Amino acid sequence: MHHITMLGSGLIGMFYTKTLHGRRSRDEVRVVFSRTAGRARQFAGDWGIRDWTTNMEDAINHPDTDVVVIGLPNSLHEEATIAAAAAGKAVLCTKPLGRTAAEAKRMLDAVERAGVFAGYLEDLVYTPDTLKAVQAVRDGALGRVLWVRSRETHGGPHSEWFWDREIAGGGAIVDMGCHCIEIGRSFIGKEVRPLEVMCWADTQVHPITAEDSAVGLVRYATGAVAQFEVSWTFRGGMDLRDEVSGAEGSIRLDHWLRTGHEMFTAARDTGYVSEKAESETGWLFPVGDEIGRLGYVEMFADMLDALDTHEPPLETFYDGYVVNAVMDAAYRSVASKQWEPVALDDWRGSDDAAGDRHVTDYDADHLLIKRERMPDGTTKLILKEKHTGAIVQRVI
């Protein structure tokens, strides 16, 4: 059993507490910190939490807790992590790890120096569909991964601090690009080095200084490319989709916008539909188990099981640092309008270059480009002659 300090009483703190008091059940949030007393008191009452406080240091050093969960605005992640590490407590931090790679690296260094367990709470990597798809890729179902596309768009965040560039560290890229980048890494392989980023971003709709829309490409050492699409301007709900293309297959995932549950209503005040739903009338797509579909259940099970067994979790602070480094390159690319290198002062993956391109020999003189079954039952082969480079075809 783990007794938990919850830092934050907003939407993410609610999702986290609901999860922790759910499936595993033996774990318990014992104290909650909020910056306002009224909110802290209400949150504690809503979730049966014994103690509440508006003093973050007191919450972290509470004598009855051994794990600190950080669900605070991005500008407070480093301070909370350093304090939790100094207290000798396990620390689990929501995404993004830091506002920049430098901030994330200081957080990584702090937990490693203190020797405390640390996990990066990247929930969308833990959705059941994503876990199953990643395992299929690891099992070779797609062959070599060539391209990954991850998209997260909706009408914008719930809380005011997300819209403040200084507090958040950016806009849609730092808010949602962190999800998409780590999903790309998960499919391509975390051991594969991200090399460079090309990114467009703009403020298309909202009167803010940060970007509300962005599209980026991340090129990896194997030649694979991961594409991320993020926006706070999308209307119609929350669009979470992933696609993976490999030399031997492909995968498509739609996590949220179409749930398989469809309902039409003309009545008013019918209640909550799902996160980021924009309407309570017309055709609706309710979500039966939000915390399950968004990956929170598997995420906390992995984190706390790993803590029990003294093993690293699927998502570590190092992963959060790499994601921050990729986002830093994306922001540099937005400014330069060029490919920008991913600066990783601490790289712990493979240093192989392009890796095995899986070129297939057809025979001693030819490479196989494509094999295709034709309408008449014959098979057409597109071949490349090894010695001349000529492209030829055969029908067999």
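The values are calculated or read from the model by the stated rules, or taken from the named source; none is laboratory data. Worth saying up front: this structure is predicted, and the values here are computed from it rather than measured. Quick reminder, even Gly has a Cβ in these numbers, built from the backbone with ideal geometry, and neighbours come from all protein chains shown.
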Could you tell me whether D27 is farther than 21 Å from F162 by Cα and at pLDDT below 95? yes
Please determine whether any residue of the range 259-267 is buried (at least 18 other Cβ atoms within 10 Å of the Cβ) and either at positive phi or not hydroxyl-bearing (S, T, Y) (or both). no
Does Y296 satisfy the criteria of being buried (at least 18 other Cβ atoms within 10 Å of the Cβ) and either in the same structural domain as R26 (by TED's automatic domain parsing) or in contact with a Ser or Thr (Cβ under 9 Å, 6 or more places away or on another chain) (or both)? yes
Restricting attention to the range 222-261, the residues that are more than 30 Å from V205 (Cα to Cα) and among the acidic types (D, E) number exactly 1
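Residue-by-condition table, conditions (1) more than 26 Å from W163 (Cβ to Cβ); (2) assigned by TED's automatic domain parsing to the domain that holds F162:
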{"site": "D51", "(1), (2)": "yes, no"}
{"site": "A84", "(1), (2)": "yes, no"}
{"site": "K95", "(1), (2)": "no, no"}
{"site": "G98", "(1), (2)": "no, no"}
{"site": "D139", "(1), (2)": "yes, yes"}
{"site": "V145", "(1), (2)": "yes, yes"}
{"site": "S150", "(1), (2)": "no, yes"}
Tell me which residues, restricted to the range 72-98, are touching a strand residue (DSSP E or B) at 6+ places or on another chain (Cβ under 6 Å), farther than 16 Å from T316 by Cα and not in a helix (DSSP H, G or I). L72
Against the definition (out of contact with any Gly (no Cβ under 6 Å at 6 or more places or on another chain), at pLDDT below 90 and among the charged types (D, E, K, R)), how does R394 come out, yes or no? no
I'd like to know if the range 332-339 contains one or more residues that are under 30 Å from I173 (Cα atoms), surrounded by 11 or more Cβ atoms within 10 Å (Cβ to Cβ) and modelled with pLDDT under 90. no
Could you look through the range 223-239, keep only residues that are at pLDDT 95 or above and assigned to a strand (DSSP E or B), and pick out the one that is surrounded by the fewest Cβ atoms within 10 Å (Cβ to Cβ)? Q227
Run W161 past the list (1) surrounded by fewer than 24 Cβ atoms within 10 Å (Cβ to Cβ); (2) closer than 28 Å to K132 by Cβ and report the number of the one that doesn't hold. (2)
Residue tally, condition in contact (Cβ under 8 Å) with a residue 24 or more places away in the chain, part of a loop (DSSP other than H, G, I, E, B), in contact with a strand residue (DSSP E or B) (Cβ under 8 Å, 6 or more places away or on another chain) and of a type outside the set (A, V, I, L, M), over the range 240-273: 2
Evaluation of D139 against (1) surrounded by fewer than 24 Cβ atoms within 10 Å (Cβ to Cβ); (2) touching a residue at least 12 places away in the same chain (Cβ under 8 Å); (3) not basic (K, R) (one fails), failing number: (2)
Per the list (1) of a type in the set (V, I, T); (2) outside the structural domain of V215 (by TED's automatic domain parsing); (3) at pLDDT 90 or above; (4) under 30 Å from I183 (Cα atoms), residue check on V359 breaks on (3)
What single numbered condition from (1) crowded, with 21+ Cβ neighbours inside 10 Å; (2) among the hydrophobic types (A, V, I, L, M, F, W, C); (3) assigned by TED's automatic domain parsing to the domain that holds D254 fails to hold for L314? (1)
Inspect all residues belonging to the range 173-193 and state whether any of them is farther than 30 Å from D351 by Cα, in the same structural domain as Y220 (by TED's automatic domain parsing) and buried (at least 17 other Cβ atoms within 10 Å of the Cβ). no
I want to confirm something. Restricting to the range 362-391 and keeping residues that are of a type in the set (S, T, N, Q) and in contact (Cβ under 8 Å) with a residue 12 or more places away in the chain, which single residue is farthest from A247 (Cα to Cα)? T378
So for the range 300-310 (the condition being in contact with an Asp or Glu (Cβ under 7 Å, 6 or more places away or on another chain) and modelled with pLDDT of 80 or more), does at least one residue qualify? yes
Considering only residues that are within 19 Å of the chain's Cα centre (by Cα) and modelled with pLDDT of 85 or more, which ones fall in the range 246-269? I251, R252, L253, D254, H255
Are any of the residues in the range 270-285 modelled with pLDDT of 85 or more, surrounded by fewer than 17 Cβ atoms within 10 Å (Cβ to Cβ) and over 30 Å from P312 (Cα atoms)? no
Please count how many residues of the range 202-220 are under 17 Å from A325 (Cα atoms) and either among the small types (G, A, S) or not assigned by TED's automatic domain parsing to the domain that holds E160 (or both). 2
Positions within the range 197-256 being in contact with a Gly (Cβ under 8 Å, 6 or more places away or on another chain), polar (S, T, N, Q) and farther than 26 Å from E166 by Cβ, in sequence order: T222, Q227
